[in-house]
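Data block below; observations after.
The values are calculated or read from the model by the stated rules, or taken from the named source; none is laboratory data. The shown structure was predicted, so the numbers you read here are calculated from the model rather than taken from an experiment. Here the Cβ positions follow ideal geometry from the backbone for every residue, glycine too, while neighbour counts run over all protein chains shown.
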Amino acid sequence: MTRVLITGVTGMVGSHLLDYLIDQTDWTIYGMLRWRSSLDNISHHVRRINSGDRINLVYADLRDSMSIDHAVQSALPDYVFHLAAQSYPKTSFDSPLETMDTNIQGTERLLGALRRHCKEAIIHVCSSSEVFGRVSSDKLPINEECTFHPASPYAISKVGTDLIGRYYAEAYGMCVMTTRMFTHTGPRRGDVFAESSFAKQIAMIEAGLIEPVVKTGNLDSLRTWADVRDAVRAYYMMLTIKPTPGEYYNIGGDFTLSVRDMLTKLIELSKYSSIEVKTDPERLRPIDADLQVPDINKFRNHTGWQPTIKFEKTMVDLLNYWRDQVKLKKDFLTR
């Protein structure tokens with residue numbers, strides 16, 4: 001029986017990957033999470049968890065070597081999706097050392113444990129498009145060979161993650177592949193990210209919980225948008241279609257527009273007729289990666305992957321997700 005380990009299984013991407021693997025494979029799945037992680041994103045699988053029905057949870061922290069070693073020995077995976085990280089760029093400005101320990105040394109701890117216990121595993125290391133950071137317009141679209149110019153402690157940590165993955169492939173002959181996924185979103189996206197924060201605020205406005213004002217950071221950033229459900233399908237294809245040790249791929253959508261235009265679309269989808277937009281200085285980063293447009297030809301040519309979910313559906317599903325979350329909270333508060 002094929003065994004797979006997903007680190008960060010309760011996050012947006014990890015939970016959607018879990019959904020995909022449950023639907024598309026017969027693999028036995030080990031999901032790694034911290035003891036304090038919320039299970040909300042995987043609660044619809046609760047009857048399967050630790051019941052002998054394919055889904056097993058293993059508790060570990062990327063900053064704790066012994067727990068990582070134990071998780072790897074429990075799972076002994078054939079495939080690994082390393083998604084766990086301190087993934088919030090703005091938070092990284094306040095907690096740079098924690099971010100770097102989690103993302104850089106955490107990746108080292110995980111790959112070291114895999115080298116000791118299941119060296120033949122096929123491994124995906126999730127880096128980030130943020131490694132490219134400040135890119136000049138003449139270098140768009142961004143290909144895999146574009147120079148790294150990270151614009152946050154998070155991005156710096158992902159440069160380390162990226163390089164560690166390739167180092168293990170080259171130094172130890174392990175089948176490690178690295179992705180730089182560009183902006184991807186959808187249901188379960190954390191509200192610290194721009195589009196999810198906007199959707200949550202709009203849902204709260206519709207529910208009468210806050211004034212009709214959406215607070216924003218930088219709206220001028222240009223981004224290519226993908227749906228998280230397309231992203232996890234890409235990750236699966238990378239590990240199962242001619243996996244190539246040491247390869248690294250840019251992955252992203254095919255629809256590009258600014259954060260400002262994305263917010264306009266969300267407001268157009270709202271049930272509320274008049275919403276004001278205000279810049280909140282607390283939401284601005286000291287420096288921003290403001291041109292995130294990928295060249296995905298390398299990955300597309302290798303796997304045949306194409307994004308299939310349209311931008312508007314992603315925005316509708318994201319807004320409906322937050323409407324459901326806000327309704328649950330409102331119902332709880334008014335009992």
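Test Ile202 against the criterion of being touching a Ser or Thr at 6+ places or on another chain (Cβ under 7 Å) and over 18 Å from Thr183 (Cα atoms), and give yes or no.
Against the criterion (touching a Ser or Thr at 6+ places or on another chain (Cβ under 7 Å) and over 18 Å from Thr183 (Cα atoms)), Ile202 qualifies.
Can you tell me how many residues within the range 247-261 are buried (at least 17 other Cβ atoms within 10 Å of the Cβ) and small (Gly, Ala, Ser)?
Selection size over the range 247-261: 2.
Only residues in the range 147-158 that are without any contact (Cβ under 8 Å) to a residue 24 or more places away in the chain count as the first member; pair them with residues that are among the aliphatic types (A, V, I, L, M) and assigned to a loop (DSSP other than H, G, I, E, B), Cβ under 7 angstrom, at least 6 apart or cross-chain, and list the lot.
Going by the 7 Å Cβ cut-off, the qualifying pairs are His149/Val135.
Ser270: hydroxyl-bearing (Ser, Thr, Tyr), in contact with a Leu (Cβ under 8 Å, 6 or more places away or on another chain), surrounded by 17 or more Cβ atoms within 10 Å (Cβ to Cβ) and over 30 Å from Tyr167 (Cα atoms), yes or no?
yes
Among (1) modelled with pLDDT of 95 or more; (2) surrounded by fewer than 21 Cβ atoms within 10 Å (Cβ to Cβ); (3) more than 26 Å from Ala155 (Cβ to Cβ); (4) hydroxyl-bearing (Ser, Thr, Tyr), there is one condition Tyr79 misses while meeting the rest; what is its number?
Of everything listed in (1) modelled with pLDDT of 95 or more; (2) surrounded by fewer than 21 Cβ atoms within 10 Å (Cβ to Cβ); (3) more than 26 Å from Ala155 (Cβ to Cβ); (4) hydroxyl-bearing (Ser, Thr, Tyr), Tyr79 misses just condition (2).
Which of the residues that make up the range 240-298 are among the small types (Gly, Ala, Ser), touching a helix residue (DSSP H, G or I) at 6+ places or on another chain (Cβ under 6 Å) and under 21 Å from Ser137 (Cα atoms)?
Ala289
Could we say that Leu33 is more than 27 Å from Ala289 (Cβ to Cβ) and out of contact with any helix residue (DSSP H, G or I) (no Cβ under 6 Å at 6 or more places or on another chain) here?
Answer is yes for this residue.
Which residues, counting only those in the range 207-234, are in a helix (DSSP H, G or I), in contact with a Phe, Trp or Tyr (Cβ under 9 Å, 6 or more places away or on another chain) and under 17 Å from Glu195 (Cα atoms)?
Matches in the range 207-234: Arg229 only.
Being outside any strand (DSSP E or B), in contact with a Phe, Trp or Tyr (Cβ under 9 Å, 6 or more places away or on another chain) and on the phi < 0 side of the Ramachandran plot: is that true of Ile202 here?
yes
For residues that are part of a loop (DSSP other than H, G, I, E, B) and among the β-branched types (Val, Ile, Thr), scanning just the range 279-298, find the one that is surrounded by the most Cβ atoms within 10 Å (Cβ to Cβ).
Per the stated criteria, the residue is Ile296.
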